[in-house]
Amino acid sequence: MKVFVYPEKTTEDFGAERWVCEWQELKTDAPDPNTSDDFDPDMHLVTRLTGHKTKDSALKAAHKIVERAYYGACVYKQVVDWFVEEDRIAEWVTVGEPEYL
């Protein structure tokens, strides 16, 4: 069954699976974290993620990204599950343990 996925505003099959590669990068205007007292991770890092159909694909992406990632990369599985079942609104929910690189 197709459901509306929030906040992506897409439609997906209920129970669909994806693998996510997630990492954080320094913003271009961020001060050097090694020399500046003004560095604030909440303000100067941006979180990025990409969705993949398979775990292998997500891991390959993570290995390519890990060099430029500030804290490294993380791969985890998500499935489409209910956010508000009465309204037929779903969301991507993380399941299982993440794999850190």
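Values computed for the structure shown
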quantity: Search result, residues across region 71-95 that are touching a helix residue (DSSP H, G or I) at 6+ places or on another chain (Cβ under 8 Å) and closer than 13 Å to residue 47 by Cα; calculated: 73, 74
quantity: Selection status of residue 60, out of contact with any strand residue (DSSP E or B) (no Cβ under 8 Å at 6 or more places or on another chain), outside any loop (DSSP other than H, G, I, E, B) and surrounded by 14 or more Cβ atoms within 10 Å (Cβ to Cβ); calculated: yes
quantity: Some residue of region 33-42 being within 30 Å of residue 2 (Cα to Cα) and polar (S, T, N, Q); calculated: no
quantity: Test for residue 5: is it modelled with pLDDT of 95 or more, surrounded by 11 or more Cβ atoms within 10 Å (Cβ to Cβ) and either in contact with a Ser or Thr (Cβ under 8 Å, 6 or more places away or on another chain) or among the acidic types (Asp, Glu) (or both); calculated: yes
quantity: Candidate set: region 10-47, residues that are among the charged types (D, E, K, R) and at pLDDT 95 or above; chosen: the one surrounded by the fewest Cβ atoms within 10 Å (Cβ to Cβ); calculated: 13
quantity: Residue within region 3-18 that is within 13 Å of the chain's Cα centre (by Cα) and assigned to a loop (DSSP other than H, G, I, E, B) present; calculated: yes
quantity: Close pairs from region 22-49: first closer than 28 Å to residue 8 by Cβ, partner of a type in the set (Gly, Ala, Ser), Cβ under 6 Å, at least 6 apart; calculated: 23/69; 23/73; 44/30
quantity: Test: residue in region 64-71 that is touching a strand residue (DSSP E or B) at 6+ places or on another chain (Cβ under 8 Å), closer than 28 Å to residue 5 by Cβ and assigned to a strand (DSSP E or B); calculated: no
quantity: Selection from region 19-57 of residues that are among the small types (Gly, Ala, Ser) and part of a loop (DSSP other than H, G, I, E, B); calculated: 30, 36
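The values are calculated or read from the model by the stated rules, or taken from the named source; none is laboratory data. Please read these numbers as outputs of a predicted model, since none were measured by experiment. Here the Cβ is made from the backbone with ideal geometry for all residues, glycine too, and neighbour counts use every protein chain on show.
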